[in-house]
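Worksheet for the structure shown next.
The values are calculated or read from the model by the stated rules, or taken from the named source; none is laboratory data. Keep in mind that what you see is a predicted model, and the values were worked out from it rather than measured. With ideal geometry, Cβ positions are generated from the backbone for all residues, glycine too; neighbour counts draw on all protein chains shown.
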Amino acid sequence: MLAARRPRSFVVFISLLSYSREIADDDPLHRAHVAFVVEHINASRFLSAGKRPGINGGCLIVYGDDEQETRALLDQDPYVIDGVATYELHHVTVSLADPKSSLAG
């Protein structure tokens, strides 16, 4: 059994998005949102993204240690700009990680 590993601690923000309406996968706004997310995953600003089952919303895990900078980045999301999404931001200092993950260091 592998034990949880203590990485050098780092900060992530968990962004819980809530949508004011359903957005179809073929909606141009959805495609713009996905492009925004992919851009920031590729730039290593976002760790992951996904839908929240049973809830009209999503979740982004964002690398960073500055809340204002993180909010400024999330405010560029096409969903937020359009007013179709709002988000709650939660600050997390990661201190334990799965040793098989890249987070474990």
### Query
Which residues, taken from region 1-50, are in contact with a Leu (Cβ under 9 Å, 6 or more places away or on another chain), assigned to a loop (DSSP other than H, G, I, E, B) and modelled with pLDDT of 95 or more?
Arg45
### Task
Report, by residue number, each residue of region 51-103 that is in a strand (DSSP E or B) and surrounded by fewer than 13 Cβ atoms within 10 Å (Cβ to Cβ).
Lys51, Glu88, His90, His91, Val92, Thr93
